[in-house]
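A short write-up of the structure that comes next.
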Amino acid sequence: MIKVQANRASKNFQQAATNLNQSCLEGLGDPIFSYWCKFYGENPDEQANSVKLLEPSIYNRLESKATVSKLLKEHNITDVFPATFLTVKEAIAHPNPVNIWFIKPFHLSGGRDIQVVAAADLPHFKLPKFNIVQAGIDNIQLIEGKKFTARIYLLIWNQAVYLFNDGFVIVHAPQYDKESTDYSVQVDHRGYESDESPVKMMLASELADFVQIMAKAEESTRKIRPVLQEAIAASSHKRYIFLGIDLLPLNDGNIKFIEINAIPNFIHSPKINQELNVPFFEHAMRVMYGIGSDRLTPLK
């Protein structure tokens with residue numbers, strides 16, 4: 001019977017293990033699966049033989065928007081993420097027209113402390129320390145006139161990368177204006193965990209062009225493999241990481257990744273928890289314990 005040790009989204013992880021324990025698990029013994037973020041301290045019950053996360057020194061580099069930007073430049077990967085810069089001067093020199101710019105802290109997620117700046121105001125903007133400047137994208141898809149972002153899930157384990165076959169979508173509350181610098185229009189998705197919120201969540205598989213979006217997401221994930229290489233190399237039979245990659249579907253059928261979350265939030269609306277997060281955890285465990293999964297695709 002799989003025993004779970006988790007200090008984030010513990011109920012979802014426990015449910016996944018329960019689902020799996022109700023299957024045929026003869027021969028596995030009593031393995032320990034650990035999802036323990038060391039930001040909150042060490043796991044006092046950690047066992048040498050447990051399956052556990054990569055070391056923070058590895059996954060924090062993927063969590064850093066600045067480090068990811070540098071790695072993209074080092075490997076000449078220019079078409080997967082929006083143009084991203086470490087200084088205002090570099091952003092101003094960008095040759096392509098941009099209506100708005102997003103100022104993002106290196107390590108924060110969930111939209112925290114993001115600022116939106118009009119192109120005309122950028123030359124006078126004082127960039128806070130430990131922030132990047134990322135170009136806004138104009139030709140994004142909308143749902144009922146509102147901006148939405150999607151997230152896909154990756155498992156990196158035993159020197160391999162796996163893509164889960166579904167994700168989620170967060171639809172913002174206000175009507176979209178591509179030139180707006182209003183935080184509520186461009187960024188704010190607080191309240192998504194409540195079914196009563198004007199911010200709505202849905203499965204990515206509910207989108208009309210889901211198959212095309214996932215095919216593009218798979219293509220883009222293959223392109224950024226050099227960015228993931230340190231984590232891939234550090235992974236093993238007992239070491240893994242889950243990644244949540246946020247993306248924008250575009251009107252021309254393409255997508256843009258906008259950030260990588262190495263310690264993503266896994267507590268969402270009841271539907272997303274039960275129909276996406278728990279199955280993702282369960283199928284990741286199936287892969288890691290040699291049972292096999294029809295929902296995680298290895299990306300060679």
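What is the helix-to-structure angle for 65-74, meaning the angle in degrees between its Cα long axis and the longest Cα principal axis of the chain, kept from 0 to 90 and rounded to the nearest 10?
The two axes meet at around 80 degrees.
Convex hull over the Cα atoms of the stretch 155-300, averaged projected area in nm²?
Working: hull surface 37.9 nm².
The orientation-averaged projected area of the Cα hull of the stretch 155-300 comes to 9.5 nm².
For the chain, take the longest principal axis of its alpha carbons; what is the angle in degrees between that and the long axis of helix 278-288, to the nearest 10 within 0 to 90?
With both axes taken from Cα atoms, the answer is about 60 degrees.
Could you state how much accessible area I156 has, in square angstrom rounded to the nearest 10, with a 1.4 Å probe and all protein chains kept in place?
Its heavy atoms expose roughly 0 Å² to the probe.
Express the accessible area of the chain per residue in Å², computed with a 1.4 Å probe while the remaining protein chains stay in the model. Display every interim value, and only then the final one.
Numbers: 13690 Å² over 300 residues.
That works out to 46 Å² per residue.
Can you pull the one-decimal nm distance between simple spin-label points at Q22 and E218, each 7 Å off the Cα toward Cβ?
3.0
What's the extension gain from S10 to E179 if we count 0.36 nm per residue and subtract their Cα-Cα distance?
Numbers: separation 169, 0.36 × 169 = 60.84 nm, distance 4.03 nm.
Separation in residues times 0.36 nm, less the Cα-Cα distance, equals 56.8 nm.
If you put +1 on each Lys and Arg Cβ and -1 on each Asp and Glu Cβ, how big is the dipole of the chain around its Cα centre, in Debye rounded to 20? Don't skip to the answer; put the middle values down first.
Numbers: 31 positive and 33 negative charges, 149 e Å.
Roughly 720 debye for the chain.
Quantify, in whole percent, the carbon and sulfur part of the accessible surface of the chain (1.4 Å probe; protein heavy atoms only).
Details: 6910 of 13690 Å².
Taking all protein chains in place, the chain shows 51 percent carbon and sulfur surface.
Ratio of Rg to Rh for the stretch 217-263, alpha carbon only, Kirkwood? Mind showing how you got there, number by number?
Values: Rg = 12.6 Å, Rh = 12.0 Å.
Over the Cα atoms of the stretch 217-263, Rg/Rh equals 1.04.
With n ≥ 4 as the cut-off for DSSP H runs, can you work out [θ] at 222 nm for the chain, using -39500 (n - 2.57) per run divided by the number of residues, rounded to the nearest 500?
Values: 8 runs with 74 residues, N = 300.
Taken over the chain, the calculation gives -7000 deg cm²/dmol.
What is the stretch 125-235 by shape, rounded, prolate or oblate, if you read a ≥ b ≥ c off the alpha carbon gyration tensor as root eigenvalues and call it rounded for a/c under 1.5, prolate for a/b larger than b/c, and oblate otherwise? Write out the running numbers ahead of the final one.
Numbers: a/c = 1.97, a/b = 1.35, b/c = 1.47.
It comes out oblate by the Cα gyration axes.
Between A233 and F125, what length comes free when the chain is fully extended (0.36 nm per residue of separation minus the Cα-Cα distance, one decimal in nm)?
34.9 nm is the gain from fully extending A233 to F125.
With a ≥ b ≥ c the root eigenvalues of the C-alpha gyration tensor of the stretch 249-300, is it rounded (a/c under 1.5), prolate (a/b larger than b/c) or oblate? It would help to have the intermediate numbers written out before the result.
On the way: a/c = 2.01, a/b = 1.37, b/c = 1.47.
Oblate.
Let me know the charge dipole size of the stretch 241-300 about its Cα centre in debye, to the nearest 20, where only the beta-carbon of Lys, Arg (+1) and Asp, Glu (-1) is charged. Intermediate values should be presented prior to the final figure.
Numbers: 5 positive and 6 negative charges, 29 e Å.
Around 140 debye, computed over the stretch 241-300.
Cα centroids of the stretch 89-136 and the stretch 237-265: how far apart, whole angstrom?
20
Determine how large the accessible area of H237 is when every protein chain is in place; take a 1.4 Å probe and give Å² rounded to the nearest 10.
Surface accessible to solvent at H237 totals approximately 100 Å².
Among rounded, prolate and oblate, which fits the stretch 93-152 when a ≥ b ≥ c are the square roots of the eigenvalues of its C-alpha gyration tensor, a/c under 1.5 means rounded, and a/b larger than b/c means prolate? Intermediate results must be reported in sequence, preceding the final value.
Values: a/c = 2.19, a/b = 1.24, b/c = 1.77.
Verdict is oblate for the stretch 93-152.
Per-residue accessible area for F210 at 1.4 Å probe radius, Å² rounded to 10?
Result for F210: roughly 30 Å² accessible.
In the stretch 1-157, if the dipole is taken from +1 on Lys/Arg beta carbons and -1 on Asp/Glu beta carbons about the Cα centre, which of A6, N76, L86 is farthest to the positive end?
L86
Which links in K126/K271; K38/K126; K89/K223; K89/K256; K146/K271 stretch past 31 Å when you go from one Cα to the other?
On the way: K126/K271 41 Å; K38/K126 33 Å; K89/K223 28 Å; K89/K256 23 Å; K146/K271 21 Å.
Violating the 31 Å Cα-Cα cut-off are K126/K271; K38/K126.
What do you get for the angle between helix 225-234 and the principal long axis of the chain? Use alpha-carbon atoms, 0 to 90 degrees, nearest ten.
Helix 225-234 and the main axis of the chain meet at about 30 degrees.
Please give the FRET efficiency for K271 paired with K146, using the beta carbon to beta carbon distance and R0 = 22 Å, rounded to the nearest 0.05.
Working: r = 19 Å, r/R0 = 0.85.
FRET efficiency, K271 to K146: 0.70.
Taking only the alpha-carbon positions of the chain and ignoring solvent, what does the Debye formula give for the base-10 log of I(q)/I(0) at q = 0.16 Å⁻¹?
Log10 of I(q)/I(0), two decimals: -1.39.
The values are calculated or read from the model by the stated rules, or taken from the named source; none is laboratory data. What you see is a predicted model, and the numbers here were worked out from it, not measured in a lab. Note that each Cβ is placed from the backbone with ideal geometry, even for glycine, and that neighbours are counted across all protein chains shown. The protein model used for the area step is the full one, side chains on, heavy atoms only, and it has no ligands, DNA or RNA in it. Shrake-Rupley method; radii C 1.70, N 1.55, O 1.52, S 1.80 Å.
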